[in-house]
């Protein structure tokens, strides 16, 4: 089989490399010439994906993989076309299908008879059948089930650990017809290996779903669950703050019961997935009141945090504030829906300035984002806000920010074992003064 993987981003490129490692010929299609050139030079277009560089160099040397701008050639030569192009939403939560519609048109124009097409991009439930199928048939003149096959198989991996996640989680496949599903399952079995997991209801591997809609629902459901769970944890934390109770202690105790899986509260929910995919669900389901409430609460957490600080610290506008962490999560150089960007917007709206530190970003990169980089003068910092949990942040707090008198622990990571300073610590559902340590 020959493969085309469309979208050489943080998910698509490692997937293409994985397929090539299994011995299949793969063309990685992208519209960005710089990205294509970088990949073909054997360089990572984005950092910190474990094992990607050595695997990329290997499959390029074997001639099993190349990146390309040529949609016609990549698609027409492929037996299997996999789409990993992101779908975003606007400020009203409406999906913008422009990029995916364009990709779908290219597939319809250039695919050959017998092609298997798999969309891995997370979609609102029903999109594969009601939007992409009709476009593919109309543009190509071919019919699904007889002339080509169409499945939805959601990516279920996280940046920084994609290759291990490909092995850890079942690959879910649902097609427009049963034949589509069967051929999709066969293709993914050929390109993936799986770890043994005794915790699953059936052996780890490629799991066939009854339809494309079921497969679409899987990804939306698992991501929306996390957002709702975090929203519940944040609500618990806000109430614990009012009662001066330690939410970490409460959640740890609650989760000792087998059926309790309360997530951790936090200053923000970031990334390409959790803030966006619940909106796909709400776009489909007008009765999604629980999902809506959690999404709204989570989106307001940065402002809630700043208001807590303002209520605790006098004349916050006169203080020098340092925010630790720019990436949406530790160890991943990505700012999609980052809590730091939200914090900056909230602070600016209140006429308050802050500087930012993240070991993943240079001062030049921080400036390019419109943020002020930390100048390294720890003696001038009055307030620290922890936005991501990172060991380097703990080291900076303990060694470089010893004169700081107030820390807002947005991830509830500080305790007597890892912090020895004298600052007052405020977090979600916890408050620690120097005399308590």
* **Pairs with Cβ under 9 Å, 6+ apart, first in the stretch 177-191 and in the same structural domain as residue 133 (by TED's automatic domain parsing), second surrounded by 15 or more Cβ atoms within 10 Å (Cβ to Cβ) and in a helix (DSSP H, G or I)** => 180/212; 181/212; 181/215; 190/19; 191/15; 191/18; 191/19; 191/21
* the stretch 153-184, residues that are in a loop (DSSP other than H, G, I, E, B) and on the phi < 0 side of the Ramachandran plot -> 153, 154, 155, 156, 157, 158, 159, 161, 169, 170, 176, 177
* Asked: Among the residues of the stretch 66-83, is there at least one that is out of contact with any strand residue (DSSP E or B) (no Cβ under 8 Å at 6 or more places or on another chain) and in contact (Cβ under 8 Å) with a residue 60 or more places away in the chain?
  -> no
* In the stretch 353-381, how many are touching a residue at least 40 places away in the same chain (Cβ under 8 Å), more than 22 Å from residue 49 (Cα to Cα) and buried (at least 18 other Cβ atoms within 10 Å of the Cβ)? -> 3
* Asked: Which residue pairs have Cβ atoms closer than 6 Å, lie 6 or more positions apart in sequence or on different chains, and pair a first residue in the stretch 105-122 that is outside any helix (DSSP H, G or I) with a second residue that is at pLDDT below 95?
  -> 121/87; 122/277
* Hey, among 322, 396, which residue is farther than 25 Å from residue 240 by Cα and not in a strand (DSSP E or B)? -> 396
* To do: Among the candidates 427, 378, single out the residue that is over 23 Å from residue 303 (Cβ atoms) and modelled with pLDDT under 95.
  => 378
* **Test for residue 398: is it more than 27 Å from the chain's Cα centre (by Cα), under 30 Å from residue 235 (Cβ atoms) and at pLDDT below 95** => no
* To do: Check off (1) surrounded by fewer than 17 Cβ atoms within 10 Å (Cβ to Cβ); (2) touching a residue at least 24 places away in the same chain (Cβ under 8 Å); (3) within 24 Å of residue 87 (Cα to Cα) for residue 197 and give me the number that stays unchecked.
  => (3)
* Asked: Is it the case that some residue within the stretch 324-333 is over 17 Å from residue 48 (Cβ atoms) and surrounded by fewer than 21 Cβ atoms within 10 Å (Cβ to Cβ)?
  -> no
* **Residue selected from the stretch 215-245 under the condition touching a strand residue (DSSP E or B) at 6+ places or on another chain (Cβ under 9 Å) and surrounded by fewer than 19 Cβ atoms within 10 Å (Cβ to Cβ), by the criterion farthest from residue 171 (Cα to Cα)** => 244
* **Scope the stretch 50-69; condition surrounded by fewer than 16 Cβ atoms within 10 Å (Cβ to Cβ) and closer than 22 Å to residue 158 by Cα; matching residues** => 50, 51, 53, 54, 57
* To do: Sort through 363, 412 and tell me the only one that's touching a strand residue (DSSP E or B) at 6+ places or on another chain (Cβ under 8 Å) and on the phi > 0 side of the Ramachandran plot.
  => 412
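The values are calculated or read from the model by the stated rules, or taken from the named source; none is laboratory data. The structure displayed is predicted, hence computed values, not measured ones. A quick note on method: Cβ atoms are made from the backbone with ideal geometry, for glycine too, and the neighbour counts reach across all protein chains shown.
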